[in-house]
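Q: Dropping a structure here in structure tokens format, bear with me for questions.
The values are calculated or read from the model by the stated rules, or taken from the named source; none is laboratory data. Keep in mind that this is a model prediction, so the values were computed, not measured. Cβ atoms come from the backbone with ideal geometry, glycine included; neighbour counts cover every protein chain shown. For the accessible areas, the whole protein counts, side chains as well, though only heavy atoms, and no ligand, DNA or RNA atoms are used. Shrake-Rupley method; radii C 1.70, N 1.55, O 1.52, S 1.80 Å.
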Amino acid sequence: MRFASASQKHFRLPALLAFAVLIWTFATGRWTLASWQTPAAYSVDALEVLARFKLSGDAGVGILFNKVMPHLGEPWRADWSAYPMPDAIVFILFGKLAKITGLIAASNLALLAAHLAAIATFYACSRALGHRPAYAAAAALLFGFSYYNRHRGLSHYSFTLSYVVPAQLLSAWLIGSSQQFLKCRGWCAFCLATAVATGTGSPYFSFGFCQLLALALVYQAVTRRQRRNLIMGVACLAVLAAALFATNYSAILRLCGGEHGLLERNYASTEIYGLRPIEFFIPPPFHRWPLAAGIGARYAIETSLKGELFFPYFGIAGICGVVVLGITTIKATIRQRLGLRPAYAALFGWLTFFFIVGGLNSLLAFAGIDLFRAGNRYSIYLLAIALLALTSWASGRSRHLPAWPTTVFAILATLIGLWDQLPRRPFAADRANLLRKVSDDQLVAAQLDKQLPLGAAVFQLPVVPFLEQPPVNGMTDYELFRPWLFSKNANFSYGLLAGEKALRWEKWIAGRPAGEMCAALEKAGYAAIYLHKKAYLDAGAALRKQLLALGRNEIVDAGDHLVFALKPSSTPVLPDVNAEWLGDTWTGSPTSPDELHLYAENGWFPAERNSGELWRWAGGNATLAIWNPGNRPITVTMEFIASTLEPGEVTASLDDRNIWQVAAGQIPKGVVNLELTLQPGTNRIHFHYSGRVTRPSATDRRLLGFQLANLRLKR
């Protein structure tokens, strides 16, 4: 057997990465400068990722310590302290690069870098485990260009940065069972560096590494109990926790302080987004092979769990790895030689059992620990294990063969695997549509920067909070970022998190007549009003007509965007966003401070309407606020119809005094009339339901308890 020289060994990884660049360039069709200015994706989550690149580039390292976002949430500034922002260092680096190459080109380079990092890390870890170079390179390419990594892409960029997964597995194996490796300082540094990289990345990967380290420490403690390994395992846990807290401390503190409502997480999410092993083997409906695509299309129709379908697909190579892993485990069991070393089968079984629908992760969510709802996102760990197991098996079977036949076989396997995993190149029409959107947005930004004063505030319609919001007619989430992504001078009102008091005023003023809205915005210092056409059934035609009639000049009309100039006050005065009368009105329609009105303050779901009736559901507790605009107490009658989804007692109290109570199963069928004495300002009625909250259907994710319908006040 001819051994490779040192120069050949050092040449292998650069050659592998160069080959990976060619594969990625071919698969994405990025051969021209124009193609690099076309985004990989430009809707929903991809827009949020692009916004983070821009924000990180503008703020630099300061974004690690100050979560007040410049140029967003104007004039109050958007505070994202409660929002976890993983991979901050990566976003800062490519955000700075965007100032040189442009935002879109930088995002494409960031995607390429994520794939290259995954390939390099997997190859290095595979070689460290003693696998043959050709097989290690083939498996690394198939891991880096796996369906998971390619289709998480820009929209789920923090998960595309899966390069930490092979490093986590190797670190856990070193801590759990190595006898000699950790005597080398280089391997100790590798384990600690893996902990740092994981802690600064997605919390999902931190949770995965915590499990791997815990399992490694338990195994080490009950077997060899080597002091060096135990110390390194504990040190990695400590470094992981420190890195995770350092990059997400503000969000962690807010979460510990009880702010759980920013992101909707519940037990049902662990089923919708849970790990389903069948999806390891189900190809996507747009697979190159029509037969495989048909299988995926049928699965998409028949499954009732629609969350993030097909991301766990292992591809041909990964499936072969599962088969090899299964056969070797069965053989070892029959021969009574089954053990925990090597740990491929043990870890594959543990992670599957933990994150499968109805597994331990679901049990934790049912107990209230529901932060890591999407168990299918851990399929990348299982894929890495399957590919490492396959590479180990192939290396062992071919250990007596010369290099050239293994290289030829590895190349053939790589080509077949890439054909299976890589999607068809983007259609020219799709790419042209993306480029047109970007061009429209760049035009809008350029016009705003040209026609508005430096630092001018732009009020955006419709008013929606930042982060995971449902579509507004044709406008999907995060689309209000689009005019800001390419602007250099303008500030925008979008970006406030749900629950911010300033957002209440924005919603209120957006619902007032056009004249009153413009006057209030100009008084607050806004220089322009922006309409996203897709949010309006008439593409904003009615409001456009009103603004033109008021003498406001149209300064931009491009694509989905419409902008009118306002006449900002030279001495702007910000409104009082803490005013008690600002809130979510019971009907959803805006009111004013001089009106007697009802507000759905806490615990209520959005209003629903049908045939002239209006109602709101609540879970177990909800607060109804009544605004008395006068300066003396008044007496009113509150009418409503109450009902519950399950039998249970419902009570209502005002000023700690019980004003209404019905026992379980005795909810009145007719109209309830309550006579109330309201003090000036806000009066709060607290409702409590003692029965079981439940879901009304398999597709409705709400947990409902009781309902109030046709609620009104009579003086």
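Q: Checking the conditions here, which among Ile667, Ile641 is in a strand (DSSP E or B), of a type outside the set (Phe, Trp, Tyr) and open to solvent by less than 60 Å² (accessible area, probe 1.4 Å)?
A: Among Ile667, Ile641, only Ile641 is in a strand (DSSP E or B), of a type outside the set (Phe, Trp, Tyr) and open to solvent by less than 60 Å² (accessible area, probe 1.4 Å).
Q: List pairs: first in the range 220-238 and farther than 16 Å from Gly186 by Cα, second open to solvent by 60 Å² or more (accessible area, probe 1.4 Å) and of a type in the set (A, V, I, L, M, F, W, C), Cβ under 9 Å, 6+ apart or cross-chain?
A: Thr223/Leu340
Q: Let me ask something else about it. Looking at the range 332-349, is at least one residue modelled with pLDDT of 90 or more, open to solvent by 60 Å² or more (accessible area, probe 1.4 Å) and part of a helix (DSSP H, G or I)?
A: No, there is no match, as no residue in the range 332-349 is modelled with pLDDT of 90 or more, open to solvent by 60 Å² or more (accessible area, probe 1.4 Å) and part of a helix (DSSP H, G or I).
Q: Give the residue, chosen from Ala59, Ala110, Ala41, that is open to solvent by 20 Å² or more (accessible area, probe 1.4 Å) and over 30 Å from Val573 (Cα atoms).
A: Matching residue, one of Ala59, Ala110, Ala41: Ala41.
Q: What pairs come up if the first residue lies in the range 115-128 and is free of Cβ contacts under 8 Å to residues at least 24 places away in the same chain, the second is assigned to a helix (DSSP H, G or I), and their beta carbons are under 8 Å apart, counting only those six or more places apart or on different chains?
A: Correct list of pairs: Arg127/Pro133; Arg127/Ala136.
Q: Given the conditions (1) farther than 26 Å from Gly57 by Cβ; (2) in a loop (DSSP other than H, G, I, E, B), report the number of the one that Asn489 does not fulfil.
A: With respect to (1) farther than 26 Å from Gly57 by Cβ; (2) in a loop (DSSP other than H, G, I, E, B), Asn489 is out only on (1).
Q: Under 7 Å between Cβ atoms, which residue pairs at least 6 apart in sequence (or on different chains) link something in the range 467-487 that is over 19 Å from Arg436 (Cβ atoms) with a partner that is of a type in the set (Lys, Arg) and open to solvent by 40 Å² or more (accessible area, probe 1.4 Å)?
A: Close Cβ pairs satisfying both conditions: Asn473/Lys534.
Q: Please find, among Pro575, Pro633, the residue that is over 37 Å from the mean Cα position of the chain (by Cα) and not aromatic (Phe, Trp, Tyr).
A: The unique qualifying residue is Pro633.
Q: Among the listed residues Gly95, Gly102, which satisfies the condition of being buried (at least 23 other Cβ atoms within 10 Å of the Cβ), over 25 Å from Leu418 (Cβ atoms) and of a type in the set (Gly, Ala, Ser)?
A: The match here is Gly95.
Q: What pairs come out if I take residues in the range 364-387 that are of a type in the set (Asp, Glu) and pair them with residues that are crowded, with 24+ Cβ neighbours inside 10 Å whose C-beta lies under 7 Å away, six or more apart or interchain?
A: Listed by first residue and then by second, the contacts come to Asp370/Thr270.
Q: Among all residue pairs at least 6 apart or on different chains, which show Cβ distances below 8 Å where the first residue, located in the range 528-544, is closer than 22 Å to Glu74 by Cβ and touching a residue at least 12 places away in the same chain (Cβ under 8 Å) and the second is part of a helix (DSSP H, G or I) and of a type in the set (Asp, Glu)?
A: From the range 528-544, the pairs are His532/Glu479.
Q: On to the next question. Quick test for you: out of Ala78, Ala20, pick the one residue that is modelled with pLDDT of 95 or more and of a type in the set (Gly, Ala, Ser).
A: Result of the check over Ala78, Ala20: Ala20.
Q: Could you go through the range 132-148 and let me know if any residue there is in contact with an Asp or Glu (Cβ under 7 Å, 6 or more places away or on another chain) and either in a helix (DSSP H, G or I) or more than 30 Å from Pro285 (Cβ to Cβ) (or both).
A: Among the residues of the range 132-148, not one is in contact with an Asp or Glu (Cβ under 7 Å, 6 or more places away or on another chain) and either in a helix (DSSP H, G or I) or more than 30 Å from Pro285 (Cβ to Cβ) (or both), which makes the answer no.
Yes/no matrix, rows are residues, columns are (1) touching an Asp or Glu at 6+ places or on another chain (Cβ under 9 Å); (2) open to solvent by less than 80 Å² (accessible area, probe 1.4 Å):
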{"residue": "Gly603", "(1), (2)": "no, yes"}
{"residue": "Gly612", "(1), (2)": "no, no"}
{"residue": "Arg616", "(1), (2)": "yes, yes"}
{"residue": "Ile634", "(1), (2)": "no, yes"}
{"residue": "Asp655", "(1), (2)": "no, no"}
{"residue": "Asn658", "(1), (2)": "no, no"}
{"residue": "Thr677", "(1), (2)": "no, yes"}
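Q: While we're here: From the list Arg132, Arg127, Arg150, which one is open to solvent by 10 Å² or more (accessible area, probe 1.4 Å) and closer than 20 Å to Glu48 by Cβ?
A: Criteria check complete, one pass: Arg150.
Q: Next question. Restricting the first residue to the range 61-88 and requiring it to be in contact (Cβ under 8 Å) with a residue 12 or more places away in the chain and of a type in the set (Val, Ile, Thr), which pairs with a second residue that is in a strand (DSSP E or B) and open to solvent by 10 Å² or more (accessible area, probe 1.4 Å) meet a Cβ separation below 8 Å and a spacing of at least six or different chains?
A: The qualifying pairs are Val68/Asp79.
Q: Okay, moving on. Can you pull out the helices (runs of 4 or more DSSP H) entirely within the range 358-472 that have at least 3 residues that are farther than 22 Å from Ala128 by Cα?
A: Ranges flagged: 360-366, 403-421, 428-451.
Q: Taking Phe53 as the residue in question, decide whether it is aromatic (Phe, Trp, Tyr), without any contact (Cβ under 8 Å) to a residue 40 or more places away in the chain and assigned to a helix (DSSP H, G or I).
A: Answer is no for this residue.
Q: Further question on the same structure: Exactly one of these conditions fails for Leu461: (1) more than 22 Å from Leu55 (Cα to Cα); (2) touching a helix residue (DSSP H, G or I) at 6+ places or on another chain (Cβ under 9 Å). Give me its number.
A: (1)
Q: In the range 560-593, how many residues are open to solvent by less than 40 Å² (accessible area, probe 1.4 Å) and either aromatic (Phe, Trp, Tyr) or assigned to a loop (DSSP other than H, G, I, E, B) (or both)?
A: The total comes to 12.
Q: Could you check Lys545 against (1) touching a Lys or Arg at 6+ places or on another chain (Cβ under 8 Å); (2) at pLDDT 95 or above; (3) exposed (fewer than 15 other Cβ atoms within 10 Å of the Cβ) and say which number it fails?
A: Just one mismatch for Lys545, condition (1).
Q: Are any residues in the range 522-542 in a loop (DSSP other than H, G, I, E, B) and open to solvent by 30 Å² or more (accessible area, probe 1.4 Å), and if so, which ones?
A: Those that are in a loop (DSSP other than H, G, I, E, B) and open to solvent by 30 Å² or more (accessible area, probe 1.4 Å): Tyr536, Leu537, Asp538, Ala539.
Residue-wise test of (1) in contact with a strand residue (DSSP E or B) (Cβ under 7 Å, 6 or more places away or on another chain); (2) surrounded by fewer than 18 Cβ atoms within 10 Å (Cβ to Cβ); (3) of a type in the set (Val, Ile, Thr).
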residue: Phe459; (1), (2), (3): yes, no, no
residue: Phe481; (1), (2), (3): no, no, no
residue: Glu506; (1), (2), (3): no, no, no
residue: Gly511; (1), (2), (3): no, yes, no
residue: Met517; (1), (2), (3): no, no, no
residue: Ala520; (1), (2), (3): no, yes, no
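Q: Residues that are of a type in the set (Ser, Thr, Tyr) and open to solvent by 40 Å² or more (accessible area, probe 1.4 Å): which helices (runs of 4 or more DSSP H) entirely in the range 194-310 hold 1 or more of them?
A: Where helices (runs of 4 or more DSSP H) fall fully within the range 194-310 and carry at least 1 residues being of a type in the set (Ser, Thr, Tyr) and open to solvent by 40 Å² or more (accessible area, probe 1.4 Å), they are 203-222, 227-256, 267-272.
Q: Of all residues in the range 679-695 being of a type in the set (A, V, I, L, M, F, W, C) and open to solvent by less than 30 Å² (accessible area, probe 1.4 Å), which is farthest from the chain's Cα centre (by Cα)?
A: So, considering only residues that are of a type in the set (A, V, I, L, M, F, W, C) and open to solvent by less than 30 Å² (accessible area, probe 1.4 Å), the one farthest from the chain's Cα centre (by Cα) is Ile685.
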